[in-house]
């Protein structure tokens, strides 16, 4: 629902990077989106394309790395993807495991074409 | 072609503003809860019952967000405390800038509590830090007990989950134990309170919870003051 706002922030941040290098243009934007970030990647991609097409220049490509919700078991060190909200460690049965990924909403990289 | 590793949060500007507000609140020992729920779960009525039970001279203020209308602000203003409506004009959540603007000339130092009622929505508010101490997520028994599983991002970030409208339990098919189990699936250490704003059940526990939180903010402020 709020993907338009997120897409605006992504484009602004990418263009800020381009603005630091005079005359450069954004070719590609890399995002990392977690399963529990509250953001739908496909909806975000749609909004991004709508916004990026607005200024006449060829729109940048959007690369999204989708990260599953993963927990780590402090007893045996096992890192596992959560299936059906089962937080118990599937290897040793440890009951208390801690989230290590899945909350991300990050601008990972920007690829720029420089003059 | 040059690749620049940015590695920053997409909402870093929002987070920066939220961080500034959080610091100001902490320095002044203010407790700030951010109320999140689906529309109609009872955020406003719970706030009304809370304001009603606060001492007349309590140092508190309320910000309430909605897409349109100032109906909630009118309801909340009846209790004599300063209330401001944030009309988001279409946006489905509050962000830190809206909160900063709405605070305006209010002096944080003159407060013990700053209540923020978010826009009714279980998705987007989870992504936007407002500088609050806790996100308080309200789930009412007229909803499905699987809401925590459908909206894990919100419930996983909750400092407290309030199950509201428990007076209606005899009339609906809501499975209370299952609901609590679902909350714990997405947030194993979640604190849960059961409340009915209509009958007043559970409000004593809720007010005690608030008081404890406020006292710990005050204690931390003392730490600030003494360095």
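The values are calculated or read from the model by the stated rules, or taken from the named source; none is laboratory data. Remember, it's a predicted structure, so these values are computed and weren't measured experimentally. In this analysis, Cβ positions are derived from the backbone assuming ideal geometry, glycine residues included, and neighbour counts consider all displayed protein chains.
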Query raised in the report: When you scan segment B:145-205 for helices (runs of 4 or more DSSP H) that lie fully inside it, which ones turn up with 3 or more residues that are at negative phi and either more than 14 Å from chain A (Cβ to nearest Cβ) or at pLDDT below 95 (or both)?
Result: B:152-156, B:176-186
Query raised in the report: Which of the residues spanning segment A:78-98 are within 18 Å of residue A:35 (Cβ to Cβ) and either in contact (Cβ under 8 Å) with a residue 60 or more places away in the chain or surrounded by 17 or more Cβ atoms within 10 Å (Cβ to Cβ) (or both)?
Result: A:80, A:82, A:87, A:97
Query raised in the report: For segment B:1-83, list the strands (runs of 3 or more DSSP E) that sit wholly inside it and hold at least 1 residues that are more than 13 Å from chain A (Cβ to nearest Cβ); which are they?
Result: B:33-37, B:60-66
Query raised in the report: Considering segment A:17-27 alone, what residues qualify as being without any contact (Cβ under 8 Å) to a residue 40 or more places away in the chain and surrounded by 15 or more Cβ atoms within 10 Å (Cβ to Cβ)?
Result: none
**Report entry** Check on residue A:14, in a helix (DSSP H, G or I), over 13 Å from the mean Cα position of the chain (by Cα) and within 9 Å of another protein chain (Cβ to nearest Cβ)
**Finding:** yes
Query raised in the report: Is it true that some residue in segment A:70-77 is surrounded by 15 or more Cβ atoms within 10 Å (Cβ to Cβ), facing chain B (nearest Cβ under 8 Å) and within 30 Å of residue B:179 (Cα to Cα)?
Result: no
Query raised in the report: How do the pairs read when you match residues in segment B:177-205 that are surrounded by fewer than 13 Cβ atoms within 10 Å (Cβ to Cβ) with residues anywhere that are assigned to a helix (DSSP H, G or I), using Cβ under 6 Å and keeping only pairs 6 or more apart or on different chains?
Result: B:199/B:167
Query raised in the report: residue A:9: within 9 Å of chain B (Cβ to nearest Cβ), under 24 Å from residue B:88 (Cα atoms), touching a helix residue (DSSP H, G or I) at 6+ places or on another chain (Cβ under 8 Å) and surrounded by fewer than 21 Cβ atoms within 10 Å (Cβ to Cβ), yes or no?
Result: yes
Requested in this report: Among the residues of segment B:1-32, write down those that are closer than 12 Å to residue B:103 by Cβ and buried (at least 18 other Cβ atoms within 10 Å of the Cβ).
Outcome: B:17, B:21, B:25, B:30, B:32
Query raised in the report: Considering A:62, A:27, which residue is facing chain B (nearest Cβ under 9 Å) and assigned to a strand (DSSP E or B)?
Result: A:27
Query raised in the report: Residue check: is residue B:135 within 13 Å of chain A (Cβ to nearest Cβ), assigned to a strand (DSSP E or B), in contact with a helix residue (DSSP H, G or I) (Cβ under 8 Å, 6 or more places away or on another chain) and under 26 Å from residue A:100 (Cα atoms)?
Result: yes
Query raised in the report: more than 14 Å from chain A (Cβ to nearest Cβ) and either within 17 Å of the chain's Cα centre (by Cα) or surrounded by 21 or more Cβ atoms within 10 Å (Cβ to Cβ) (or both) - does that describe any residue in segment B:92-101?
Result: yes
Query raised in the report: Within segment B:102-114, which residues are surrounded by fewer than 14 Cβ atoms within 10 Å (Cβ to Cβ) and either within 14 Å of another protein chain (Cβ to nearest Cβ) or free of Cβ contacts under 8 Å to residues at least 40 places away in the same chain (or both)?
Result: B:104, B:105, B:107
